[in-house]
Structure formats: C-alpha cells, structure tokens
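The values are calculated or read from the model by the stated rules, or taken from the named source; none is laboratory data. Quick caveat, the model's predicted, so the values are computed rather than measured. Cβ placement follows ideal geometry from the backbone for every residue including glycine, while neighbour counts extend to all protein chains displayed. Protein only, heavy atoms only, side chains kept; ligands, DNA and RNA dropped before computing areas. Shrake-Rupley method; radii C 1.70, N 1.55, O 1.52, S 1.80 Å.
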Amino acid sequence: GQNIDQPTEMTATEGAIVQINCTYQTSGFNGLFWYQQHAGEAPTFLSYNVLDGLEEKGRFSSFLSRSKGYSYLLLKELQMKDSASYLCAVREGNNNNDMRFGAGTRLTVKP
Amino acid sequence: GAVVSQHPSWVICKSGTSVKIECRSLDFQATTMFWYRQFPKQSLMLMATSNEGSKATYEQGVEKDKFLINHASLTLSTLTVTSAHPEDSSFYICSARDARRDYEQYFGPGTRLTVT
C-alpha cells in the first residue's frame, strides 16, 4: 500500500505563486502525477514525473525527489480560474500500474 | 487528445435496483481501465482495475459481487452497481490507459449516482 499526504487547503492571491507539496510512501514507484479537478468534474492531467527533477509546462511546474518521497506542484501567475482541487497521484510498479490519489489540496485564489 | 466518455452522466435509481455505467475510450485502445469512486470533498478512491478480456482486480473492501465490472473490448468497460443502496450514492469516474502511451491515464467525465 501507500500513503500520500498533501495539505487540505491553501489560499493565494491572484498573480502570486503557490507551491503545493505532496509526500508519499509506496512499495513500488512508477511515476507521480498531478491533476486538477474542479467541483463536480473529472480530474484533468497537469503533469507527470518519473525521474528526479523539475518538469515545466507553462505556468505549471512539478518537481520530484524519489529518495525523499516528495513532490511539489508550482503554479505561477495565479488566475482566478486556478481555484480548484489539486490531486497528487502515485502510480505503483505492480502488474496493473495502479494509480492512487492523495486527498487533494483545495486551492482558493483571491483577487 | 484522448477522449473517454461515460454514460450516463447522472442517474437516480431506487434502492434495490441495479445500475450500469459505461466507460468508452473514443479514439484509442485501452488495455487497462480503472474505476474510481469519489464522495463529496474527498479524493478518488480506486475501486478496481480491469484488463481487457480478464477478470477485474478489486481493491480491499470493495465487494466484487456488488460492483460487477466487465471489460469486454479494448474500448469499453462497464460497472454495474447491483442492489444499490443509498450509501452507494457517489460520483463514479472511470479512467483508461492508452496502450501506446503507457504513462498517462485519461479520465471520463464521471457519473453521479443517487440512490433513493
């Protein structure tokens, strides 16, 4: 099994930068994903890390340290529409490559 | 981009009846599909993993006789909630993995089930 921990809620100001942390423990690691989910909708893919380091994708960046079981999602130039839940998910290296999710971080962007 | 559809998007049923939810990958073949359940303000909980042509693998605590999963083709998986009860009311989301792009999972829009 695995434990995936991330903060429950965060608040930030429009135009600012916010970092959402995720720590995990897993018996077999095969990739870490970040998803964005608006209320009542399905998650949408943001980023994928399987090797250590930073992956940048426009206003969003994601970092991974496998030795520390740690990742973060960095959102720059925050916009009001970025208010959503951000889900950290870890894929296990088992036969099915199951993906399991953290509880999610609810981000509120204020003007 | 890859598209996954679910049908129905919402359903209301009476306690004791069965409900079938379909999950389709529209423009790719999905050797593996996943079924998740999400209660309000909670994260997605993996219920089961289905591989085309074989039996589904259920997570601990998920009753396989209550949540029947059939992955009959590379583009279709179904979840049947049998003898539904009000506590089964939830948001059910399927996800499909593209056989050619193994690292990414695509999510369907979800099905909101309400059992009265």
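Observations on the model:
- Positions within the range B:12-29 being open to solvent by less than 30 Å² (accessible area, probe 1.4 Å), of a type in the set (A, V, I, L, M) and farther than 28 Å from B:Ala99 by Cα, in sequence order: B:Val19
- Restricted to the range A:1-17, and to residues there that are assigned to a strand (DSSP E or B) and under 19 Å from A:Ala89 (Cβ atoms), the residue that is modelled with the lowest pLDDT is A:Gln2.
- Some residue of the range B:14-25 being farther than 30 Å from A:Glu9 by Cβ and touching a helix residue (DSSP H, G or I) at 6+ places or on another chain (Cβ under 8 Å): yes
- Single unsatisfied condition, B:Tyr36 versus (1) facing chain A (nearest Cβ under 10 Å); (2) assigned to a loop (DSSP other than H, G, I, E, B); (3) not β-branched (Val, Ile, Thr): (2)
- Taking the criterion of being open to solvent by less than 10 Å² (accessible area, probe 1.4 Å) and within 14 Å of chain B (Cβ to nearest Cβ), the residues of the range A:55-83 that qualify are A:Ser62, A:Leu64.
- Of all residues in the range A:27-50, those that are closer than 16 Å to A:Tyr72 by Cβ and facing another protein chain (nearest Cβ under 7 Å) have Cβ atoms under 7 Å from Cβ atoms of residues that are part of a strand (DSSP E or B) and open to solvent by 50 Å² or more (accessible area, probe 1.4 Å), 6 or more apart or on another chain, in A:Gly31/A:Tyr48.
- Filter result for the condition that a residue is within 14 Å of chain B (Cβ to nearest Cβ) and closer than 25 Å to B:Asn51 by Cβ, over A:Arg91, A:Arg106: A:Arg91
- Among the candidates B:Ser95, B:Ser83, B:Ser77, B:Ser50, residue that is part of a loop (DSSP other than H, G, I, E, B) and either touching a residue at least 12 places away in the same chain (Cβ under 8 Å) or touching a Gly at 6+ places or on another chain (Cβ under 8 Å) (or both): B:Ser83
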